[in-house]
Structures are given as C-alpha cells and as structure tokens.
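Here the structure comes first, spelled out in structure tokens, and everything after it is commentary.
The values are calculated or read from the model by the stated rules, or taken from the named source; none is laboratory data. All values reported here derive from a predicted model rather than from experimental measurement. Cβ atoms come from the backbone with ideal geometry, glycine included; neighbour counts cover every protein chain shown.
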Amino acid sequence: MFYILALFLFILIYTTMTKITYKDQQGNSKTIEVENGLSVMEGAIQNDISGIDADCGGSMACATCHVYVEEKWLDKLPKAEDGEVDMIDMAFEPKKNSRLSCQIIVNDELDGFTVTTPEKQS
Amino acid sequence: MIKTDVIIIGAGPVGLFAIHQLGIKGLKAVVIDNLDKPGGQCIELYPDKPIYDIPAVPECTGKELTDRLLEQTKPFKTKFYLNERVEEVKSKEDNWSIKTSNNNEFIAPNIIIAGGVGSFEPRKLSLKDTDKFEGKSIFYSVKNKNDFKNKNISIFGGGDSALDWALELSKLSKITLIHRRKDFRGAQHTLEEIRKLEKQGKIIIKTPFQLDNIEGNEKIQSITIKDENGKSEKIETDIILSFFGLVMKLGPIAEWGLNMDKKNISVNPNNFETNKKGIFAVGDICTYPGKLKLILSGFHEVALASVECFKRARPNEKYKFEFTTSSKVIKARLGKK
C-alpha cells in the first residue's frame with residue numbers, strides 16, 4: 001500500500017515539475033525543478049538563484065528579472081507583449097533574446113528550458 | 001532641527017496612510033521621499049495601470065489611489081520633504097535624529113520606514129568611465145535647459161522622457177536620438193513631431209542602436225554606437241542624456257543597524273517594530289512569517305505600528321482604541337462635525 005502511494009506521489013510530483021536551468025555570465029549553472037504554473041522568475045526567487053532581483057514582484061514594472069533565453073527556446077515561448085518589450089528597453093544590455101522571466105510561465109513543454117542571467121540587473 | 005512625533009520615510013500608499021493612522025491618534029508627522037511627488041511605486045511605475053485588490057474599491061489606477069490617499073490625509077496638514085533622501089539615522093537619548101541629502105534635520109521618538117524596495121534613482125549607464133563624466137558630460141535629467149545650448153547631444157531611450165527632451169532641446173542644440181529598437185514607446189504625437197524634424201534634418205534618429213563606447217579624456221568627444229549585427233557608428237557628441245527609467249536602490253537603509261533578511265527589514269508582526277525600539281518598517285520593505293507584498297497588508301501594518309508610536313510619543317497618556325464613526329475626538333481631528 002505504502003509503495004503504491006509513494007509511486008503515486010512520485011508520478012504526481014514528477015509530472016507537475018519542470019526542469020529549468022539558470023546560467024550566469026561566469027558559466028555557473030543550476031538546474032531546478034520548478035512547479036508548472038509558476039514563472040521562471042518565481043522559480044529563481046524560491047530557490048535563491050542569484051542574478052534575478054524581481055524588485056516589482058512580477059508586475060512587469062521594473063525589468064530586474066531580465067534574462068537571455070537560449071536561442072532554440074525563443075520560438076517555443078508566447079510572444080512578448082508590448083508592455084514587456086517596453087520594459088526590456090530599460091534593462092541592462094538588452095539583446096534579441098531578452099525576456100522578462102516573470103512573464104515566462106513554466107509548463108511541461110519547457111522541460112530543459114535554459115536562461116542566462118545578465119551581468120547585473122540594474 | 002525639526003521636532004515631530006513620527007518621521008515617515010517614503011510617500012508611497014502605505015507611507016500616506018501612516019499620516020492618517022497617526023493623525024487620528026493626534027500624532028504629528030513629516031514625510032520624506034526621494035521622488036519629486038508622493039505616490040511611490042504607484043505613481044512612478046504604474047500610474048495608469050489598474051489595481052483590483054483594494055477593499056471596497058473594485059478598480060482604480062495607481063494615480064487614483066494616490067490622489068484618494070492624499071485627499072484622506074489632507075485634514076492633518078502634513079509637511080512633505082520631497083527630492084530628499086534620508087542619509088543618516090542616529091539615536092539621541094530616547095529619540096531618533098535623521099539627516100537628509102538636503103541637510104534637513106529631524107528629531108522624533110518614532111521612525112516609520114515605508115520605503116518600498118528602496119529609493120528610486122535613475123538607471124545609470126554601465127560602460128566604464130561613465131562615472132567620470134557624470135554631471136559633466138553625462139546627465140540623467142535636465143535641470144536647466146540653458147546648460148544644453150549649442151551642443152552635440154546624444155539622447156538614449158525610447159520613452160516619453162527621451163522623446164520630450166529630444167523635441168525640446170532640438171530648438172537649442174543638435175540632437176541625435178538613439179534607441180535599441182525601431183519602435184518607441186513614448187507618446188505617438190511627440191514621435192510624429194520628431195519624425196517631422198528628422199525629415200527637415202533637425203534631429204537624427206538612430207535605431208536599432210545601443211551605446212558601445214565613449215571617447216574622450218576630460219570631456220566626451222564622440223561616442224560609438226552598435227547595432228544588433230555588430231555594425232558600429234561614431235557620433236560626435238558633447239553631452240549624453242540617458243533616459244532608461246528609474247531603479248530602486250535600498251541605499252543607506254542597509255547601514256542603519258536594522259536586522260535584515262535579504263533586502264527586507266525583519267519586524268515583529270505584533271507592532272511592526274524593528275530590532276531598534278521606535279523604528280518601524282511597514283509595507284513592501286518589511287518581512288515577517290507569511291508576509292504578502294500587498295498594499296492592503298501595508299495598511300494593516302501601519303495601523304498597528306501607529307499604536308506603538310502613540311505609546312512612545314505620549315508615554316504619560318493611556319492609549320484608547322476608538323472608531324472613526326463614533327469618536328468625537330477623531331471627528332474633530334478630521335475636521336468633521
């Protein structure tokens with residue numbers, strides 16, 4: 001009985017978590033299981049990933065959760081809305097693959113999703 | 001030296017409601033904020049964006065919320081010290097003394113820190129040497145237009161500040177407006193004006209370009225800008241004006257000896273006092289088990305902190321809990337009959 005329960009729990013947790021990798025400019029890399037439905041920013045904050053500040057708490061108002069998305073994942077994300085692109089204008093060293101991590105919602109499709117944090121956020 | 005009952009640091013929604021909660025208890029306060037107007041993040045980050053979780057207010061914008069709070073605090077005639085940052089906090093017998101960036105000094109038995117995520121400051125350029133030129137050839141705001149006469153000015157940014165100043169200063173100087181993408185987010189009618197001037201050769205627009213290098217020793221001589229594909233261009237420049245919005249910096253708060261948890265101040269959730277007697281922290285800047293960074297949480301926090309402030313400011317009086325609906329004393333303080 002216990003084993004069945006444990007297996008059930010394992011499957012439940014396994015299917016609702018997605019592996020997200022956070023890299024920094026020094027080449028350090030951390031892979032975290034983030035709960036589906038959370039943002040890539042929240043995954044970082046809850047797991048003490050340095051390099052993402054998120055001063056405004058995810059209201060798309062500060063550009064301090066700015067990340068560079070690995071090229072191959074760019075097309076797999078919903079397009080950034082105008083408000084997000086406007087905020088990225090303010091970010092430190094924006095590039096073509098810049099996104100705000102508070103606007104990327106984790107789901108099964110993003111398994112292995114990788115972002116690099118900029119040298120600094122502000 | 002200005003003496004008062006409570007010094008409120010931060011004029012955001014929670015700092016403003018502090019005036020009210022202290023005022024109905026008969027306490028005098030002053031408010032200090034680094035921005036040029038009250039409202040904090042509500043006014044600086046989302047004046048036009050809707051807020052849906054203020055009790056009994058189904059929907060209002062950051063600007064509307066600020067205006068209503070200012071209206072609510074009017075009876076208390078509280079003095080605001082704006083464009084000032086608190087630099088120093090010192091204990092003086094049973095009081096706290098504070099010194100601001102404008103050299104104003106205040107003394108009070110209580111300080112309420114309603115500082116949000118810290119004070120707003122312009123987001124600075126991050127190339128090396130930019131510090132060296134700051135205030136001489138690199139500016140983040142325009143104080144006196146006449147300092148920007150007959151110059152080669154390169155303006156960076158895509159928002160209203162960048163567009164407005166490009167338009168305004170084009171009457172006095174040669175302007176190059178540089179932005180990292182083709183679209184500008186500033187007001188369309190300003191952009192149309194600028195496009196007109198571009199056609200007449202009065203303003204040069206460079207997109208999609210970002211700053212790559214600054215050349216010059218004592219003064220800036222030129223700058224190099226680069227596009228996404230690495231193509232670069234040199235632009236003769238005397239002055240750089242950079243408008244990349246504001247960032248929030250905790251600033252000197254971190255050095256006041258308060259117990260901190262990351263960027264937040266740890267408080268006792270019974271009265272929102274910090275580890276220093278008489279210094280309170282409320283709103284986004286404070287933390288305790290279960291803390292939620294909501295405006296409504298800040299309102300609750302400051303209501304409780306104001307009771308403790310009363311006890312410290314009026315040690316010989318007994319605190320009496322009263323309802324605004326029925327208390328004659330409170331009604332008199334609010335100017336109601």
May I ask you to verify whether A:Lys120 is under 19 Å from B:Glu228 (Cα atoms) and either touching a Pro at 6+ places or on another chain (Cβ under 8 Å) or at the interface with chain B (Cβ under 9 Å from one of its Cβ atoms) (or both)?
no
Restrict the check to the range B:242-251 and report whether at least one residue is farther than 30 Å from A:Ser59 by Cβ and in contact with an Asp or Glu (Cβ under 7 Å, 6 or more places away or on another chain).
no
If the requirement is being aromatic (Phe, Trp, Tyr) and not assigned by TED's automatic domain parsing to the domain that holds B:Arg185, which of these qualifies: B:Phe106, B:Phe133, B:Phe139?
B:Phe106
Residue list for the range B:1-19, filter: surrounded by fewer than 24 Cβ atoms within 10 Å (Cβ to Cβ) and within 15 Å of B:Asp67 (Cα to Cα)
none
Looking at (1) at pLDDT 95 or above; (2) surrounded by 15 or more Cβ atoms within 10 Å (Cβ to Cβ), which is the one condition that is false for B:Val142?
(1)
Out of the residues in the range B:258-299 that are on the phi > 0 side of the Ramachandran plot and within 14 Å of chain A (Cβ to nearest Cβ), state the one that is nearest to the chain's Cα centre (by Cα).
B:Gly283
Residue check, A:Lys19 farther than 24 Å from B:Phe120 by Cα and over 11 Å from the mean Cα position of the chain (by Cα)
no
With the checklist (1) farther than 28 Å from B:Ser119 by Cβ; (2) part of a loop (DSSP other than H, G, I, E, B); (3) of a type in the set (Lys, Arg) in hand, flag the one item B:Lys276 doesn't pass.
(1)
Is it true that some residue in the range A:25-46 is surrounded by 19 or more Cβ atoms within 10 Å (Cβ to Cβ), within 14 Å of chain B (Cβ to nearest Cβ), farther than 26 Å from B:Ser126 by Cα and under 12 Å from the mean Cα position of the chain (by Cα)?
yes
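Conditions tested, residue by residue: (1) outside the structural domain of B:Lys293 (by TED's automatic domain parsing); (2) of a type in the set (Lys, Arg); (3) outside any strand (DSSP E or B); (4) on the phi > 0 side of the Ramachandran plot.
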residue: B:Asn150; (1), (2), (3), (4): yes, no, yes, yes
residue: B:Gly158; (1), (2), (3), (4): yes, no, yes, no
residue: B:Lys171; (1), (2), (3), (4): yes, yes, yes, no
residue: B:Thr176; (1), (2), (3), (4): yes, no, no, no
residue: B:Glu198; (1), (2), (3), (4): yes, no, yes, no
residue: B:Ile205; (1), (2), (3), (4): yes, no, no, no
residue: B:Asn213; (1), (2), (3), (4): yes, no, no, no
residue: B:Lys226; (1), (2), (3), (4): yes, yes, no, no
residue: B:Ile235; (1), (2), (3), (4): yes, no, no, no
Yes or no: B:Lys291 in a loop (DSSP other than H, G, I, E, B) and surrounded by fewer than 13 Cβ atoms within 10 Å (Cβ to Cβ)?
no
Looking only at the range B:285-299, count every residue that is at pLDDT below 95 and in contact with a Phe, Trp or Tyr (Cβ under 6 Å, 6 or more places away or on another chain) and tell me the total.
0
For the range B:158-191, enumerate the residues that are more than 18 Å from B:Val142 (Cβ to Cβ), among the hydrophobic types (A, V, I, L, M, F, W, C) and within 13 Å of chain A (Cβ to nearest Cβ).
B:Phe184
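What are the residues in the range B:301-315 that are over 17 Å from B:Ile265 (Cα atoms) and assigned to a helix (DSSP H, G or I), if any?
Just the residues of the range B:301-315 that are over 17 Å from B:Ile265 (Cα atoms), to begin with: B:303, B:306-315.
The answer is B:Ala303, B:Ser306, B:Val307, B:Glu308, B:Cys309, B:Phe310, B:Lys311, B:Arg312, B:Ala313.
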Considering residues that are within 14 Å of another protein chain (Cβ to nearest Cβ) and either over 16 Å from A:Val85 (Cα atoms) or under 27 Å from the mean Cα position of the chain (by Cα) (or both), the number found within the range B:192-212 is 3
If we keep just the residues of the range A:72-117 that are within 10 Å of chain B (Cβ to nearest Cβ) and in a loop (DSSP other than H, G, I, E, B), which is farthest from A:Ala54 (Cα to Cα)?
A:Lys96
Name every residue in the range B:1-56 that is within 22 Å of B:Cys286 (Cα to Cα), β-branched (Val, Ile, Thr) and away from chain A (no Cβ under 13 Å), in order of residue number.
B:Val6, B:Ile7, B:Ile8, B:Ile9, B:Val14, B:Ile19, B:Val30, B:Val31, B:Ile32, B:Ile54
Starting from residues that are of a type in the set (A, V, I, L, M) and within 16 Å of B:His179 (Cα to Cα), keep the ones in the range B:213-231 and report whichever is farthest from the other protein chains (Cβ to nearest Cβ).
B:Ile223
Would you say B:Ile265 is in contact with a Leu (Cβ under 6 Å, 6 or more places away or on another chain) and either in a loop (DSSP other than H, G, I, E, B) or assigned by TED's automatic domain parsing to the domain that holds B:Val282 (or both)?
yes
Please enumerate the residues belonging to the range B:209-248 that are more than 25 Å from B:Asn150 (Cα to Cα) and surrounded by 16 or more Cβ atoms within 10 Å (Cβ to Cβ).
B:Gly245, B:Leu246, B:Val247, B:Met248
